[in-house]
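Take a look at the structure set out below.
The values are calculated or read from the model by the stated rules, or taken from the named source; none is laboratory data. Only a predicted model underlies this, so the values are computations on that prediction, with no experimental measurement involved. Cβ placement follows ideal geometry from the backbone for every residue including glycine, while neighbour counts extend to all protein chains displayed. The area values use the complete protein model at the heavy-atom level, side chains included, leaving out ligands, DNA and RNA. Shrake-Rupley method; radii C 1.70, N 1.55, O 1.52, S 1.80 Å.
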Amino acid sequence: MWSKLLLDMKNLSVTKEPYDKEYEELGGRSLIAQYMMKNVPPTCEPLGKDNQLIICTSIFAGTRLTTAHRLSVGGKSPLTGGIKESNSGGSAAYQLAGHGIKLITVKDLPEEEGLWLLHIDAQGNASLEDASEYKGLNNYDFVEKMHEMYGDKVATISIGAAGERLYKSASLQITEFNSNHPSRAAARGGLGALMGSKGLKAVVIENPVERYQVEYADKQKFDELVSSFNKIVAAGAKKDPFHNIGTISTIEVTANNGVLPVDNFSGRLFPEYKEVGAGKFMNNLETRGGRNKVPCQPGCVVQCSNCYNDKDGKYLTSGFEYETLAIMGPNCHISDLDAVAQMDRICDNIGVDTIEAGNAVAMCMETGRIKWGDTQAALSLLKEMEEGTEFGRIMGDGCEAVGKYLGCKRIPVVKHQSLPGYDPRNTKGTGITYATSPMGADHTAGLTMGRAFDDCGRSAQAYASTKLQVAMCFSDSIMCLFAFANAANDLYLLGELMATLYGGTPDFGRISMLGVKTLLTERAYNKMAGIKAEEDRLPEFFYKEKSSATGSKFDIIDYELEVLFDF
Amino acid sequence: MIVVNDKIIKFYEGMTIADAIKEAGEMIDYMTIIMQDKSIIQYNQIDKKVSDGTNLKILRILSGG
């Protein structure tokens, strides 16, 4: 039977209890939605005692389903003020599943000044330990210490100085399987600040002496189905640029179609994109001893991650992704791949969302505080975040905080969260997702980019966004969306896998209804939290300014956004 | 011979990338990325000639990240 760990930071206690039967067939985003609706008051203060940090694994955790070991982190977001689920790859979910732990909740606030970590030892004993000696230690140094103490199979979930300082862009960093670097991130929504407010520095999970054995309704049938499913994903991955290159390859598509954000979503093209493109990336990997095709979790067949070295062949960063590249690169008029990699390293180390940090840098450029394309000045701004200077702390609160402070008129945020690497004027379905997702501006909530949708009219764009938002709710409950995308034609197998794991009918409807229920629960939570329908909009400049690449504006009218979820 | 997404097709003198893709029955559009051996080929370069032994990968973006 699965277990849950309940941390009470007021009493500084941790208790282990059986996992709730009512959540049995939930995991990841679906679990967070139902748990929060029941246990976290929607009007609570995000950094107050009534908010809870929730860490959980997926519906298929502990099984051989490829990428089932995504880690989901949830709570009321200090950035958006609404419900937030942020998920990540890495080794932590795999190790939690190995100990039979499905859920960790962290409630209340410490009464005394201090810092603690949750330690799960090889025998599965959980304890809250004093972590004051690690105060101010950033993620790379912290993880190195944990490896020295517990060996290289230990998995960690940690915050850096950013989370300790309660920056609204603070992330949780998770150790990557294979490379062991703290380069996977539950980045969006400032949940690192929520963890910091609880006085929790890290969750440290040792490799279990004996792995937990999942109970199946029909293990033999499950094993047959999962082998078929994994083969389908692996076959798709062979033709997937994320497997062959990495997510950075996305720029080869977005740059030529006006989707790549340039100069704070100016709508212009960026002819220098090849300097930060897939070709340059692959060349640097090959000539400097870096590598791609790195799995971030055991059993992943997509293997989209990478280890990127500097010009001297020394390790610089890993998990170097398109979003970071797009927002810190062309969106800041920067065409230096190594500089962007260095920025990625700084962000992972102090523990901030690279999308939020990059958009904050763009605010500084738009308002003239620093020049467009000035990489040294951009790096200096990130250093200020690291040092915690007065302006560095404003930077740490993200794009909107910096934009308002500097008087910027074009602040690219929805529900206070800044836009990722897709200009919504040229992928309007994605723009609809940004506007209406309970998560704020979030591409992983429903990216519709692709000819089948982008060439179609407004109704088709809205249809695509709604459908994908539901699909992403169940994808975020089950597996990595990159693996999910490669199995898009065979998703019916997920219904059969549910039945052979949990029993019941092998009906895909149980999966799709989970997606609908999760999405509607999140919207209801946000409404109760005070988020109004008028916040389901993009910033005004996307409606008024044409993309100079295509002549397109975001022309989805308010009514179309309002009726999107009238199921 | 030319390999296109693990399919072996017969090389002929003057064959272009576009020809090889068509022979292999693959389709390309703005969501695809073409790799020739380890290099990225831009959409506007598909009229470039290939040499015998070239390995082409036609990769399609499915999601973002």
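If A:T324 passes every condition in (1) within 11 Å of chain B (Cβ to nearest Cβ); (2) among the polar types (S, T, N, Q); (3) farther than 21 Å from A:Y273 by Cα but one, which one does it miss?
In the conditions (1) within 11 Å of chain B (Cβ to nearest Cβ); (2) among the polar types (S, T, N, Q); (3) farther than 21 Å from A:Y273 by Cα, A:T324 misses (3) alone.
Collect the residues in the range A:511-544 that are open to solvent by 50 Å² or more (accessible area, probe 1.4 Å), under 22 Å from A:F567 (Cβ atoms) and not hydrophobic (A, V, I, L, M, F, W, C), keeping them in residue-number order.
Correct list: A:K517, A:R523, A:K527, A:K532, A:E534, A:E535.
Tell me the helices (runs of 4 or more DSSP H) entirely within the range A:412-495 that contain at least 2 residues that are outside the structural domain of A:E323 (by TED's automatic domain parsing), open to solvent by less than 10 Å² (accessible area, probe 1.4 Å) and not acidic (D, E).
In the range A:412-495, A:428-436, A:458-478 are the helices (runs of 4 or more DSSP H) which contain 2 or more residues that are outside the structural domain of A:E323 (by TED's automatic domain parsing), open to solvent by less than 10 Å² (accessible area, probe 1.4 Å) and not acidic (D, E).
Assess whether A:A549 counts as being buried (at least 18 other Cβ atoms within 10 Å of the Cβ), part of a helix (DSSP H, G or I), touching a Lys or Arg at 6+ places or on another chain (Cβ under 9 Å) and in contact (Cβ under 8 Å) with a residue 12 or more places away in the chain.
Criteria not met by A:A549.
Just a yes or no: is a residue in the range A:274-292 in contact (Cβ under 8 Å) with a residue 60 or more places away in the chain and either among the polar types (S, T, N, Q) or under 30 Å from A:F229 (Cα atoms) (or both)?
No, the range A:274-292 contains no residue that is in contact (Cβ under 8 Å) with a residue 60 or more places away in the chain and either among the polar types (S, T, N, Q) or under 30 Å from A:F229 (Cα atoms) (or both).
Filter the range A:552-561 for residues that are hydroxyl-bearing (S, T, Y) and crowded, with 21+ Cβ neighbours inside 10 Å and give the result.
none
Any residue at all in the range A:348-367 that's surrounded by fewer than 24 Cβ atoms within 10 Å (Cβ to Cβ), out of contact with any Ser or Thr (no Cβ under 7 Å at 6 or more places or on another chain), without any contact (Cβ under 8 Å) to a residue 12 or more places away in the chain and not assigned by TED's automatic domain parsing to the domain that holds A:P182?
no
Applying the selection to the range B:26-65, what residues are open to solvent by 60 Å² or more (accessible area, probe 1.4 Å) and either within 14 Å of chain A (Cβ to nearest Cβ) or at pLDDT below 90 (or both)?
Within the range B:26-65, B:M27, B:D37, B:K38, B:S39, B:Y43, B:N44, B:Q45, B:N55, B:K57, B:R60, B:L62 qualify.
Restricting to the range A:194-214, count the residues that are touching a residue at least 12 places away in the same chain (Cβ under 8 Å) and more than 29 Å from the chain's Cα centre (by Cα).
1
Hey, can you tell me all the residues within the range A:327-352 that are closer than 19 Å to A:I394 by Cβ and touching a strand residue (DSSP E or B) at 6+ places or on another chain (Cβ under 7 Å)?
If the condition is that a residue be closer than 19 Å to A:I394 by Cβ and touching a strand residue (DSSP E or B) at 6+ places or on another chain (Cβ under 7 Å), then A:G351, A:V352 are the ones that fit.
Check the range A:497-520 and report whether any residue there is modelled with pLDDT of 95 or more and basic (K, R).
The answer is yes, given that some residue of the range A:497-520 is modelled with pLDDT of 95 or more and basic (K, R).
When both residues are 6+ apart or on different chains and their Cβ atoms are under 7 Å apart, which pairs have a first residue that lies in the range A:529-542 and is without any contact (Cβ under 8 Å) to a residue 60 or more places away in the chain, and a second that is surrounded by 12 or more Cβ atoms within 10 Å (Cβ to Cβ)?
From the range A:529-542, the pairs are A:A533/A:E562.
Mind checking which residues of the range B:1-25 are within 14 Å of chain A (Cβ to nearest Cβ) and among the small types (G, A, S)?
B:A24, B:G25 - these are the residues of the range B:1-25 that are within 14 Å of chain A (Cβ to nearest Cβ) and among the small types (G, A, S).
Quick one: A:Q123 ticks every box in (1) in contact (Cβ under 8 Å) with a residue 60 or more places away in the chain; (2) open to solvent by less than 50 Å² (accessible area, probe 1.4 Å); (3) assigned to a loop (DSSP other than H, G, I, E, B) except a single one, so which number is it?
The number of the failed condition is (2).
If I ask for residues that are part of a helix (DSSP H, G or I) and at the interface with chain B (Cβ under 9 Å from one of its Cβ atoms), which ones from the range A:224-242 would you list?
A:G236, A:K238, A:P241, A:F242
Being open to solvent by less than 60 Å² (accessible area, probe 1.4 Å) and within 27 Å of the chain's Cα centre (by Cα) is the filter here, so list the residues in the range A:219-233 that pass it.
From the range A:219-233, those open to solvent by less than 60 Å² (accessible area, probe 1.4 Å) are A:222-223, A:225-230, A:232-233; that's our starting set.
Of everything in the range A:219-233, those that are open to solvent by less than 60 Å² (accessible area, probe 1.4 Å) and within 27 Å of the chain's Cα centre (by Cα) turn out to be A:V226, A:F229, A:N230, A:I232, A:V233.
Within the range B:28-62, how many residues turn out to be part of a loop (DSSP other than H, G, I, E, B) and either in contact with a Gly (Cβ under 6 Å, 6 or more places away or on another chain) or aliphatic (A, V, I, L, M) (or both)? Quick ask: steps written out before the conclusion?
In the first step, residues of the range B:28-62 are kept if they are part of a loop (DSSP other than H, G, I, E, B); the result is B:28-31, B:37-38, B:42, B:46-48, B:50-54, B:61-62.
Filter again for either in contact with a Gly (Cβ under 6 Å, 6 or more places away or on another chain) or aliphatic (A, V, I, L, M) (or both), leaving B:28, B:31, B:46, B:50, B:61-62.
Qualifying residue count, the range B:28-62: 6.
Can you pull out the helices (runs of 4 or more DSSP H) entirely within the range A:243-339 that have at least 3 residues that are within 23 Å of the chain's Cα centre (by Cα) and buried (at least 18 other Cβ atoms within 10 Å of the Cβ)?
Output list reads A:251-254, A:322-328.
What single numbered condition from (1) closer than 16 Å to A:M479 by Cα; (2) within 19 Å of the chain's Cα centre (by Cα) fails to hold for A:A97?
(2)
Provide a single number: the residues in the range A:87-119 that are assigned to a strand (DSSP E or B) and either aromatic (F, W, Y) or open to solvent by less than 10 Å² (accessible area, probe 1.4 Å) (or both).
10
Just give me the residues in the range A:8-23 being of a type in the set (S, T, Y) and not in a strand (DSSP E or B), in sequence order.
A:Y19, A:Y23
Condition check: closer than 30 Å to A:A445 by Cβ and either over 9 Å from the mean Cα position of the chain (by Cα) or in a helix (DSSP H, G or I) (or both). Does B:G25 satisfy that? Give the derivation first.
On the way: closer than 30 Å to A:A445 by Cβ: no; either over 9 Å from the mean Cα position of the chain (by Cα) or in a helix (DSSP H, G or I) (or both): yes.
Taking the combined requirement at face value, the residue does not satisfy it.
Need the failing condition index for A:K404 against (1) over 20 Å from the mean Cα position of the chain (by Cα); (2) within 14 Å of chain B (Cβ to nearest Cβ), just the number.
If we test A:K404 against (1) over 20 Å from the mean Cα position of the chain (by Cα); (2) within 14 Å of chain B (Cβ to nearest Cβ), just (2) comes out false.
Quick one: A:N306 ticks every box in (1) within 26 Å of A:N426 (Cβ to Cβ); (2) more than 10 Å from chain B (Cβ to nearest Cβ) except a single one, so which number is it?
It is condition (1) that A:N306 fails.
Looking only at the range A:368-401, which residues are of a type in the set (S, T, Y) and open to solvent by 40 Å² or more (accessible area, probe 1.4 Å)?
A:S380, A:T389
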